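The values are calculated or read from the model by the stated rules, or taken from the named source; none is laboratory data. Just so you know, these numbers come straight off a predicted model, no measurement behind them. With ideal geometry, Cβ positions are generated from the backbone for all residues, glycine too; neighbour counts draw on all protein chains shown.
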Amino acid sequence: MTRKFPDGFLWGGATAANQVEGGWKEGGKGISVSDCARSHLDVDVQDYAKQNEITSKDIEEALATDDESLYPKRHGSDFYHHYKEDIAMFAKMGFKVFRLSIAWSRIFPNGDDEMPNEEGLKFYDNVFDECLKYGIEPLVTMSHYEPPLNLVLKYNGWYNRKLVGFFEKFVKTICTRYKDKVKYWLTFNEVDSMIRHPYTTGGLVRDRFPEDVNWNQIIFQSMHHQFVASALATKICHEIIPGSMVGCMLTKLTYYPYSCKPEDVLQAQQDMRSTYCYSDTQVFGEYPAYLLAKFKNEGVKIVKEPGDDEIMKKYPVDFVSFSYYSSSCVAKDDQGLKKTAANTMTAIKNPYIPTSDWGWQIDPIGLRISMVDLYDRYRKPLFIVENGLGAKDEVLPDGTIDDQYRIDYFDAHFREMLNAIEIDGVECLGYTSWGCIDLVSESTKQMSKRYGFIYVDVDDYGNGTYKRIPKKSFYWYKKVIETNGACLFED
């Protein structure tokens, strides 16, 4: 019997407005935190934390210039002007679903505006109409690393309780506007990333707070506000769009103990909890006991408003979506152990698996392990909404791009994904590869770290024709979707 994915499996690709859209000052759009994130042309894959630090001075310098060469998210892949062409190419590949985000600052330029920006609303009307014309389901992230900058400068980002209300208004606006066009929604992208890059996720700038403040207090108070906002978004979405599904989205950082020493095994368990605490809260609607213990031990006191706990408990998410790129090793004592890059962080090198050009460890079996762990933990449908290989693609003299390495990456991961579904009984709604068209990498702010099935002719400085070119993987993925994965098992 030929192996293939379940009927109705949603194949597609994923992007984010701040990385692909461009048009940063067009159509009434306001400035977002990502418009002020400078490129990292000399990338240090051993210290991503340093690259994620944003200061008030950095923001001032960004606001003083319209330069797009040093702020690549301002141009992205220019999806703003190419969306019809891009979506037509997605349709040619056979996409069933396209994950994208709505730029908050395109709808409410300052975040606290009284009225939404009609031109911004119309843009997404056009994008969704184009998707539906081809039978492509939009999967929309409400907030993906793009809070309006005004909410940082005026309110100190998500640390301020007022942002719950501003976000609630934003969600009501987009759910009402797109109720007949969008069924699948995600609230906050990689909600756990507040701890790793608080500026892009929460609009938090360290030097805007007192020097002696408990930084974890700021982080987790901001997280609490996002948890409440996510629950309210789920409530709003269900009320306005009957039959809609709302998911959480976490970074699946899969950790292996470096050795079988109990200390290393315990460290891996603790590190896994540091990710699960966010999805645990959104799925179960309450803080897990181990996170409450952490708050107590570290002197973190969450300030709540009456009714917060009830809101979180009453409106948990419908499904669990996640990103998976690689796995990592951890040890209680990592002195002398070889390090490599991971998803916006660094990790101990696993000697048994290869690494990408950017040091990420390529581990297809880790995807299966991740799916089993998440499904066993939550018993809710999963949706893999980010997975892919960032690589240095080369346009050959004949104008083609031979990215067989990307095909090999996906082939191995798809096989393990099906193993998790068929052998382990995991319920999985679908799969969207990250950066289905080349975009600005979040971890490095580079165009040269390419993920797409479609090449975009633009360099790290924004120079190029922006011409779209299908890569070899484009045609391979088209066949995977056509056969619902059966071609993976043909001789």
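Within the set Arg415, Arg368, Arg406, Arg379, the sole residue that is out of contact with any Phe, Trp or Tyr (no Cβ under 7 Å at 6 or more places or on another chain) and crowded, with 24+ Cβ neighbours inside 10 Å turns out to be Arg406.
Here is a yes/no grid of residues against (1) part of a strand (DSSP E or B); (2) surrounded by fewer than 24 Cβ atoms within 10 Å (Cβ to Cβ):
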residue: Ser222; (1), (2): no, yes
residue: Leu232; (1), (2): no, yes
residue: Gly243; (1), (2): no, yes
residue: Cys248; (1), (2): yes, no
residue: Tyr255; (1), (2): yes, yes
residue: Val265; (1), (2): no, yes
residue: Ala268; (1), (2): no, yes
residue: Tyr276; (1), (2): no, yes
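One residue stands out in the range 53-67 among those that are surrounded by 13 or more Cβ atoms within 10 Å (Cβ to Cβ) and not acidic (Asp, Glu): the one that is nearest to Ile195 (Cα to Cα), namely Ile54.
Within the range 137-164, can you find the residues that are β-branched (Val, Ile, Thr) and closer than 26 Å to Asp125 by Cβ? Talk me through it step by step, then tell me what you get.
We begin by selecting, within the range 137-164, every residue β-branched (Val, Ile, Thr); these are 140-141, 152, 164.
Of everything in the range 137-164, those that are β-branched (Val, Ile, Thr) and closer than 26 Å to Asp125 by Cβ turn out to be Val140, Thr141.
Give the number of residues within the range 1-51 that are touching a helix residue (DSSP H, G or I) at 6+ places or on another chain (Cβ under 7 Å), modelled with pLDDT under 95 and of a type in the set (Gly, Ala, Ser). Selection size over the range 1-51: 2. Cβ separations smaller than 6 Å between residues 6+ apart or across chains give the following pairs from the range 439-462 residues that are closer than 13 Å to Ser39 by Cβ to residues that are charged (D, E, K, R) and crowded, with 22+ Cβ neighbours inside 10 Å: Val440/Lys73; Ser441/Lys449. Can you name every residue in the range 94-122 that is aromatic (Phe, Trp, Tyr) and under 24 Å from Gly430 (Cα atoms)? Answer for the range 94-122, where residues must be aromatic (Phe, Trp, Tyr) and under 24 Å from Gly430 (Cα atoms): Phe95, Phe98. Can you find a residue that is part of a helix (DSSP H, G or I), in contact with an Asp or Glu (Cβ under 6 Å, 6 or more places away or on another chain), closer than 18 Å to Trp434 by Cβ and at pLDDT 95 or above anywhere in the range 348-364? Yes: one or more hits. For the range 452-490, enumerate the residues that are of a type in the set (Gly, Ala, Ser), in contact with a strand residue (DSSP E or B) (Cβ under 8 Å, 6 or more places away or on another chain) and in a helix (DSSP H, G or I). Listed by number, the list is empty, since nothing qualifies.
Kindly establish whether Met417 is outside any helix (DSSP H, G or I) and of a type in the set (A, V, I, L, M, F, W, C). Full working, then the answer.
Values: outside any helix (DSSP H, G or I): no; of a type in the set (A, V, I, L, M, F, W, C): yes.
When the stated conditions are applied, Met417 does not pass them.
For the range 179-210, taking the residues that are touching a strand residue (DSSP E or B) at 6+ places or on another chain (Cβ under 8 Å) and surrounded by fewer than 21 Cβ atoms within 10 Å (Cβ to Cβ), the one that is farthest from Met223 (Cα to Cα) is identified as Lys181. Against the conditions (1) β-branched (Val, Ile, Thr); (2) touching a residue at least 60 places away in the same chain (Cβ under 8 Å); (3) under 25 Å from Tyr375 (Cα atoms), Val303 satisfies every one except (3). Filtered by the rule that a residue be of a type outside the set (Ser, Thr, Tyr), in a loop (DSSP other than H, G, I, E, B) and within 17 Å of Val191 (Cβ to Cβ), the range 278-313 gives Gly285, Glu286, Pro288, Ile302. Taking the conditions exactly as written (buried (at least 23 other Cβ atoms within 10 Å of the Cβ) and more than 13 Å from Lys92 (Cβ to Cβ)), does Tyr466 satisfy them or not? No: the conditions fail for Tyr466.
Counted as qualifying within the range 105-181 are the helices (runs of 4 or more DSSP H) with 3 or more residues that are within 18 Å of Gly202 (Cβ to Cβ) and either out of contact with any Cys (no Cβ under 8 Å at 6 or more places or on another chain) or modelled with pLDDT of 95 or more (or both), namely 149-155, 162-177.
The residue pairs whose first member lies in the range 162-183 and is over 29 Å from Lys96 (Cβ atoms) and without any contact (Cβ under 8 Å) to a residue 60 or more places away in the chain, whose second member is among the acidic types (Asp, Glu) and surrounded by 21 or more Cβ atoms within 10 Å (Cβ to Cβ), and whose beta carbons are closer than 7 Å, counting only pairs six or more residues apart or on different chains, do not exist in this structure.
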